[in-house]
Every structure is written in structure tokens, then in C-alpha cells.
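Down below is the structure, laid out as C-alpha cells.
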Amino acid sequence: VHGGQPLPVQPHSVAYDLSRGRLIFHSASYEALLSYDPSDGTVEVFAEPTDELAWDISDLHYRSSPPGLFAIDDQLNCVLSFDLSSGEAAVVSGLGVGDGPSLQSLRGITAVQGSPNNAPFIAVIDSSFGSEGVPAIVAISPVSGDRSALSANAPDDLGLSTGDGPEFGAPTGILYQHSQARFLVTDSGERALFSIGRDTGDRTLLITNEDSSDGSFLGFPTELLLSSNGGTAWILDPAAKKVFEV
């Protein structure tokens, strides 16, 4: 990524904008969102914080239908959306927007497309959700910003059935697998990959270190990516300095 000479962009939190064929990522050096056009290598400023909304992005997610860009800010503890044309940011949930327990420690974000029987929603990981501060997958309405626990370690006063199964250790990365109506969640505390039912919130340990086929072990799994056909997942493990294929 360069414009004649190397740029100290320090990129992280990357998403691919299918509607325009570009990468959008947060730059720690510029404290802004930059866009990268892979066809000609140009880099442009996509969005910058303002005095009214001084955001600092920690994770990005692109939703393909309808096209949209969502982000979490673990400093402001809120969910944001960005206009793909202007780059203008708006608060989706948090900072006084939406009802429900407050967001306290955001770790990951994904989007669930709607169906005839289900409204679309945004799902985030909050490692300290509700008055008891428990790790949870939180469902957020993109219209109202209302928040409710979809799956959590402790059900007390979270206001929703929060699923059965093994408890989270330290959930970090999340994506939605539409074909299975479930979420896949990496957990750096349990060193595992969870499967979580969209409708029930039930938790299942899908992959643990005991399931390794070649002696490779998860050290600190963080992000994950799903193939377009939904048959393969890749897990990023910074501690092991590896990408695992599942």
C-alpha cells in the first residue's frame, strides 16, 4: 500500500467493500479510516473523527445486503455505522442510543441478514455485559439500537433467555454462518471455537485443542473468516503466529 513511497499507515480492522471493490481499514498512524483501491493501489481518507464524535475504531464489518459498514469503538463503547458514499459516522447503539443494558467492553461485530421470519440485526461480543459484567453475545437492532443478550454466561437480569452449554472464557472474534443459522466465535480464554445457535443462544464447543489433526494448538485465537461457500473457516492466532484452517 503506497502512493509513490511507503506510507506509515499501521493498518488494522480491515473490511472489504464489495459494492465498490475496495478495502477499508483503520489506520493507527492517521487515526482515520482509509480506503485502498487494489486496481491502482491508491489510498484515500474515507472517514475521520470529528469533535462531535471522536471515534477510535477497534473492529469493522461490511454487510453485503443492503450494503453497509458497521464498527465498534471499545473506547466510547458504542456501535457505529458509516455512510459508504460520504464516510459520515452515526451511532447505532450506545452513547444514549437504544434501550437495554449498556455496552461496556466490545470485542467483535458481525451482521445477520433478515429472512421472512427474522428481522436483521447486529451481533457484538461484549466481555462485560449487563449489571453482572458477564461475557455475552449481544443482539442489537440496527433501527432502534436496542440491546439484549443473545448468549451469555449468566442469565440473571439480562432480560432474555441466554442459552445453554459451556461458558465463555474470553470471546474475541465473531461471524455469522447463514447456512447453519449460527454464530462462530473464537475464545482466547478457552482456546476454542464456539458454535452458537441464532434462535436459542445455545453454546457448543465446536473446535478445541483436543481436535487438532497435526499437533497444532490454538494459543490465543482472535479473528476468524469464513469462505464464501461456508465450508471452511480460518482462525488468526497471534500467539501461535499461525492461521488455522478448520
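Just give me the residues in the range 53-70 being within 21 Å of L106 (Cα to Cα) and either open to solvent by 20 Å² or more (accessible area, probe 1.4 Å) or under 13 Å from the mean Cα position of the chain (by Cα) (or both), in sequence order.
Within the range 53-70, the first condition is being within 21 Å of L106 (Cα to Cα), and the residues that meet it are 53-63, 68-70.
Scanning the range 53-70 gives L53, A54, D56, I57, S58, D59, L60, H61, Y62, R63, L69, F70.
So which of S105, S128 is open to solvent by 30 Å² or more (accessible area, probe 1.4 Å), closer than 26 Å to V14 by Cβ and touching a Ser or Thr at 6+ places or on another chain (Cβ under 7 Å)? Write out each step before concluding.
Working: S105 fails: open to solvent by 30 Å² or more (accessible area, probe 1.4 Å).
Matching residue, one of S105, S128: S128.
Can you tell me which residue in the range 1-15 is modelled with the lowest pLDDT, limited to those that are in contact with a Phe, Trp or Tyr (Cβ under 6 Å, 6 or more places away or on another chain) and surrounded by fewer than 17 Cβ atoms within 10 Å (Cβ to Cβ)?
V1
Restricting to the range 206-240, count the residues that are open to solvent by 90 Å² or more (accessible area, probe 1.4 Å), assigned to a loop (DSSP other than H, G, I, E, B) and either within 20 Å of D59 (Cα to Cα) or touching a helix residue (DSSP H, G or I) at 6+ places or on another chain (Cβ under 6 Å) (or both).
Result for the range 206-240: 2.
Could you look through the range 171-218, keep only residues that are more than 21 Å from A119 (Cα to Cα) and among the aliphatic types (A, V, I, L, M), and pick out the one that is modelled with the highest pLDDT?
Applying the filter and picking the extreme gives V185.
I'm checking my understanding of the structure. Among residues of the range 168-205 that are surrounded by 15 or more Cβ atoms within 10 Å (Cβ to Cβ) and acidic (D, E), which one is nearest to the chain's Cα centre (by Cα)?
D187
Hey, V138 hits all of (1) modelled with pLDDT under 95; (2) within 16 Å of the chain's Cα centre (by Cα) but one; which does it fall short on?
The number of the failed condition is (1).
Just for strands (runs of 3 or more DSSP E) wholly inside the range 1-112: which have at least 3 residues that are not aliphatic (A, V, I, L, M)?
On the way: elements: 11-17, 22-27, 32-36, 43-47, 59-64, 67-73, 78-82, 89-93, 106-112.
Once the strands (runs of 3 or more DSSP E) in the range 1-112 are filtered for at least 3 residues that are not aliphatic (A, V, I, L, M), what remains is 11-17, 22-27, 59-64, 67-73, 78-82, 106-112.
Starting from residues that are aliphatic (A, V, I, L, M), more than 20 Å from I125 (Cα to Cα) and in contact with a strand residue (DSSP E or B) (Cβ under 7 Å, 6 or more places away or on another chain), keep the ones in the range 219-246 and report whichever is modelled with the lowest pLDDT.
Within the range 219-246, the match that is modelled with the lowest pLDDT is V246.
Only one of these is touching a residue at least 40 places away in the same chain (Cβ under 8 Å), of a type in the set (G, A, S) and in contact with a Leu (Cβ under 6 Å, 6 or more places away or on another chain): S148, S144, S127, S179. Name it. Lay out the reasoning, then the answer.
Numbers: S144 fails: in contact with a Leu (Cβ under 6 Å, 6 or more places away or on another chain); S127 fails: in contact with a Leu (Cβ under 6 Å, 6 or more places away or on another chain); S179 fails: in contact with a Leu (Cβ under 6 Å, 6 or more places away or on another chain).
Of the residues listed, the single one that is touching a residue at least 40 places away in the same chain (Cβ under 8 Å), of a type in the set (G, A, S) and in contact with a Leu (Cβ under 6 Å, 6 or more places away or on another chain) is S148.
Taking the residues in the range 71-99 that are surrounded by fewer than 22 Cβ atoms within 10 Å (Cβ to Cβ) and of a type in the set (D, E) as candidates, determine which candidate is nearest to I140 (Cα to Cα).
The qualifying residue nearest to I140 (Cα to Cα) is D99.
Looking at the range 68-92 only, could you name the residues that are closer than 20 Å to T172 by Cβ and in contact (Cβ under 8 Å) with a residue 24 or more places away in the chain?
F70, A71, I72, D73, D74, N77, C78, V79, L80 - these are the residues of the range 68-92 that are closer than 20 Å to T172 by Cβ and in contact (Cβ under 8 Å) with a residue 24 or more places away in the chain.
Please state which one of P67, P142 is closer than 22 Å to L18 by Cβ and touching an Asp or Glu at 6+ places or on another chain (Cβ under 8 Å).
It is P67.
The values are calculated or read from the model by the stated rules, or taken from the named source; none is laboratory data. Just so it is clear, the structure is predicted and the values come from calculations on it, not from any experiment. Heads up, the Cβs are rebuilt from the backbone with ideal geometry, glycines too, and the neighbour counts pull from every protein chain shown. SASA here: full protein model, heavy atoms, side chains in, ligands and nucleic acids out. Shrake-Rupley method; radii C 1.70, N 1.55, O 1.52, S 1.80 Å.
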